[in-house]
Structure formats: structure tokens, C-alpha cells
Amino acid sequence: MSKGILVTFEGVEGSGKSTHCERICAYLEKKGFEVVHVHEPGGTRIGQQVRNILLSGENEEMVDRTELFLFMASRSQIVGELIRPALNAGKVVVCDRYIDSTVTYQGYGRGIDEKFIKVLNKFAVGEVVPDLTIVLDVETPIGLKRAKKRLSGEKPDRIEKLKLSFHQRIREGYLALARAEPGRVRIVDVDRDIKKTERAVKKCVDRFLQKRKPMKEK
Ligand code: T5A
């Protein structure tokens, strides 16, 4: 059994996952935890190659099932190479997107059977399931606008380019997951004020840590 903690961040495009993952990692390190920050898809040498295939705007002809298997391929690699060893060493792993992204994007977004996705997720990650999942909830058009602004001239990737209705289904998917698994999946409303959102994320993590048994610190 792992001794560490796996915290995942989820949400629609531009909801602030990267920003708040970085901030919570710094916060946890200050508290004395050994923290590993990873993101999906990618995060490993092999995973990065898979990420390039997945997100390249040139791969418009990719069919939904290929997309699904590629996300799973990147995930099983990062779990085997980085996440499981870090958890076994008693570290806190903060992962920007994980199993729930596939349930929402390929399930709610693409319409692939959710039960089948969960079976594949289980095959890809085994026992490495999140202890806490924070969904940063923002209205989809606002998130997309922020993601676009951040690109500053770069072209949106293959998935960012999809219609608003696709991204709206993703948000609905996350809200449904939070209703189905309220113990693990916590919604944090994204405020216009980044600091306010940061405080809400910290509060959520602190509450989780208080409920947990003490773990190995640096
Ligand atoms: N995907 C992924 C699947 O389809 N299936 C899967 O199984 C997996 C794992 C990955 C793509 O792959 C899809 C989902 C994605 O489409 P990515 O490039 O890794 O793509 O991008 P995303 O994960 O979508 O992340 P983004 O970079 O688009 O957005 P973030 O990380 O949510 O947002 P962030 O932190 O970069 O913030 C965006 C901007 O908003 C500002 C920030 O300063 C930044 O400028 N911001 C705020 N502004 C105002 N108020 C706040 N509270 C703010 N917080 C942040």
C-alpha cells in the first residue's frame, strides 16, 4: 500500500489548474512535505511524445478510440515511471489532470461509454487512485477565453479547438462526478480573484490533511 498522497486537479480549459497546482505545491513544500508535480498528458519522455501526437493540430483525422488509447498510454507510463514510485516513497504527488479527464473529455465529450473508460483507467493505473481531486469550476466560456489569452498568438491545440458545446459537456461531467463521489471530488469555485481561489484551494487541501493520519515529512 502506498504511503504517499495523490492529489489531482481537474477542470475545463483555462480553469487555472496549472496556476493552482504550482501554488499548492509551494504551499505543501513549505509545510514540509516532499512534493512531486506532474501533468497529463505527458510528464515523461515517452508521455511527451504521446502528448505531441494527441494535441497536434495536424492530427485532425484522429478517431475517438485512438485518442482514448493514447491518453491511457501516456497515463500508464507516468504512473509506472513517476507517480507510483513517488507514492511508495511517501511523497505527495500533485497531478494536473488524471483519470477524471478521460471520463469527462472522452466520456461526456466524445460519447464513449463511461463504464468502459473506467475499466481502462483501472487497467492503466491499478491501485493508484487519487486521494483528493479538486475540480476548479469556472463557466466554460470564461475558461476558454483565459486559455486563449494565455496562448498569445499560438494556435489552439486539437482539443481546445472543439466547439463550446463540447467543452460545456465537460463541465457538466465534472459536476456529475463531484455529485457521485463527494468524498474524493471537491469543487472549488474559481473566483475572478486568483488569490481568493488560491485560499479556497488551500482550505480544501488543509481539511483533507487534517482528516488524514500523519505522514512522512521531509
Ligand atoms: N485531455 C486530457 C483529454 O481529453 N483526456 C485526458 O484524459 C486528459 C488527461 C490537455 C488537453 O487534453 C485533454 C484536456 C486538454 O484539452 P493542456 O495543454 O495540458 O491540454 O491544457 P489544460 O490541461 O487544458 O490546461 P490549460 O493550460 O488550458 O489551462 P489551466 O491549466 O486550467 O489554466 P492556467 O493555470 O494555465 O490558467 C489560464 C489563465 O487563467 C489565469 C492564469 O493566470 C492564466 O493566464 N487564471 C485566472 N484568471 C483569473 N482568475 C483566476 N482565479 C485565475 N486562475 C488562473
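The values are calculated or read from the model by the stated rules, or taken from the named source; none is laboratory data. All values derive from a computational prediction rather than experimental measurement. Here the Cβ is made from the backbone with ideal geometry for all residues, glycine too, and neighbour counts use every protein chain on show. These area figures cover heavy atoms from the full protein model, side chains too; ligands, DNA and RNA do not enter into them. Shrake-Rupley method; radii C 1.70, N 1.55, O 1.52, S 1.80 Å.
Key figures
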read-out	value
Accessible carbon and sulfur surface of the range 151-193 relative to its total accessible area, %, 1.4 Å	48 percent
Estimated FRET transfer efficiency (Ala26, Leu55; beta-carbon r; R0 30 Å; 0.05)	0.65
Residue-span extension gain [Ile142 to Lys122] - 0.36 nm each, minus C-alpha spacing	3.9 nm
Val129-Asp193 FRET efficiency (beta carbon distance; Förster radius 35 Å; 0.05 resolution)	0.60
Surface accessible to a 1.4 Å probe, per residue, for the residues of the range 1-131, Å²	44 Å²
Carbon/sulfur fraction of accessible area - the range 71-140, other protein chains in place, 1.4 Å, %	58 percent
Cα radius of gyration and Dmax for the range 25-176 (Å)	15.8, 47
Virtual spin-label span in nm between Glu154 and Lys211, 7 Å along Cα→Cβ	3.6 nm
Cβ charges +1 (Lys, Arg) and -1 (Asp, Glu), total dipole of the range 5-211, debye	540 debye
Mean Cα-pair separation over length for the chain, i.e. relative contact order, pairs under 8 Å, 6 or more apart, %	34 percent
Set of aspartates and glutamates near Lys155 by C-alpha distance (under 18 Å), chain-local residues within fewer than 8 positions excluded	Glu13, Glu58, Glu60, Glu61
Computed label-point distance, nm, for sites Asn88 and Gln48 using a 7 Å Cα→Cβ extension	2.4 nm
Accessible area (Å², 1.4 Å probe, nearest 10) - Lys145	150 Å²
For the chain, with +1 on Lys and Arg beta carbons and -1 on Asp and Glu, the positive-most of Val135, Gly42, Ile99 along the dipole	Val135
Cα-Cα over 24 Å, subset of Lys31/Lys91; Lys17/Lys149; Lys30/Lys203; Lys115/Lys145; Lys149/Lys195; Lys3/Lys196	Lys115/Lys145; Lys3/Lys196
Additional length obtainable on full extension of the chain from Lys115 to Phe166, 0.36 nm per residue less Cα span	16.4 nm
Tilt relative to the chain, helix 140-151 - C-alpha long axis, 0 to 90 degrees, to 10	90 degrees
